[in-house]
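Okay, so here's the structure we're looking at.
The values are calculated or read from the model by the stated rules, or taken from the named source; none is laboratory data. Predicted, not measured: the structure shown is a model, and the values here were computed from it. When we count neighbours, we look across all protein chains shown, and the Cβ atoms used for this are built from the backbone with ideal geometry, even at glycine. Note: areas computed on protein heavy atoms with side chains; ligands, DNA, RNA excluded. Shrake-Rupley method; radii C 1.70, N 1.55, O 1.52, S 1.80 Å.
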Amino acid sequence: MNLRTVKHQSLLNGEHRSMNEEALSITKKYDPSKLGVESQYEALESALGIENIALGRIAKNPFTDPLHVADSGRDDTLRGMIRILTGNLRHPDPDVRQASEELLAIPQMNTETAARGHEEEEALINILLEHLAGDYKQQANDAGINAWVASLSAQNAEVARLQERAFAAAATAAATAGGLSVKEARRATDGAYDALVKRLDALMEISPGSYVAFAAEFNMMVKFYETAIKERAAHNRHKQKNLIYANLSTISDQTWTGDRLSPRIEVVYNGKMLAENTDFTVDYVRNTDVGTATVTVRGKGAYSGKKITTFNIVRN
């Protein structure tokens, strides 16, 4: 019988603190002295206390409130933009409806983005802004959200600036007080946790029957955090197979014929040439008259998401 292990470095700060708090709680429930881990329990309790202080420096530094306000404003702008696009799906102009549908298909154009931590949300919004300034620039213009995009860009930059100052202030406070950084504190907590588990595993080898109930409860707790890590990894793998990250070939100007024009497009994902109707499908819109036609590439099979490009139809 052994206790389950978890990759400490894969835990987010909140998860890391919660898991160690639960480990202490379960150990205390069964009495550290009876378990034979009193000194290891105290070491973990002390290390986690220091980690909480390190985390608290970030939470309580002078820039926390402005950062919270800026982050809330950024969230409101993103959600507002999504509401506008959702409302546009009932717009009388088909171009507006089409553009809004395509924009809402961008993975980062999602209210879940606003629920992420400061750093992760900043990164996701930067990706979204790159799309809106690049492949989806015309759609943003058609959907009438350029002002929202400008506001979101400014707010995201402000959050990044305040966050940088917040971490700098926390580092200064830690240095002044002779304390540890969050990273150093986490490493110390990990060492204390591992020492506790190692001691318990050794004792369970000697007297397994005395630890059955404790081990079952402890392992159930660890399994919860293992599952959280696996689900996050699965989400990241799924995101990496989204065609929003693929490269589409440039379609040259097409000569008007009066018929629908459907030029071939090549899709490359992570250096691999994808196969039409196996890995993706292609839809063409406004591809008859002179002007700009829209090509929508949608993932199929192992690929998800979609990506948009355009080509021009010109008279000879």
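Points worth noting:
- Single residue of the range 114-125 satisfying the filter (open to solvent by less than 40 Å² (accessible area, probe 1.4 Å) and in contact with a Leu (Cβ under 8 Å, 6 or more places away or on another chain)) that is modelled with the highest pLDDT: ILE125
- From SER249, SER262, residue being touching an Asp or Glu at 6+ places or on another chain (Cβ under 7 Å), open to solvent by less than 80 Å² (accessible area, probe 1.4 Å) and among the polar types (S, T, N, Q): SER249
- Yes/no for TYR225 being in contact (Cβ under 8 Å) with a residue 60 or more places away in the chain, farther than 19 Å from LYS307 by Cβ, within 25 Å of the chain's Cα centre (by Cα) and open to solvent by less than 60 Å² (accessible area, probe 1.4 Å): yes
- Just so you know, in the range 244-282 the residues that are touching a residue at least 24 places away in the same chain (Cβ under 8 Å) and among the charged types (D, E, K, R) include one that is nearest to ILE127 (Cα to Cα), and it is ASP279.
- Residue within the range 224-241 that is more than 30 Å from TYR30 (Cα to Cα), hydrophobic (A, V, I, L, M, F, W, C) and modelled with pLDDT under 90 present: yes
- Of the residues making up the range 87-113, those that are without any contact (Cβ under 8 Å) to a residue 40 or more places away in the chain, open to solvent by less than 60 Å² (accessible area, probe 1.4 Å) and part of a helix (DSSP H, G or I) are GLY87, LEU104, THR113.
- Check on PHE280, open to solvent by less than 20 Å² (accessible area, probe 1.4 Å), aromatic (Phe, Trp, Tyr), modelled with pLDDT of 90 or more and over 32 Å from the mean Cα position of the chain (by Cα): no
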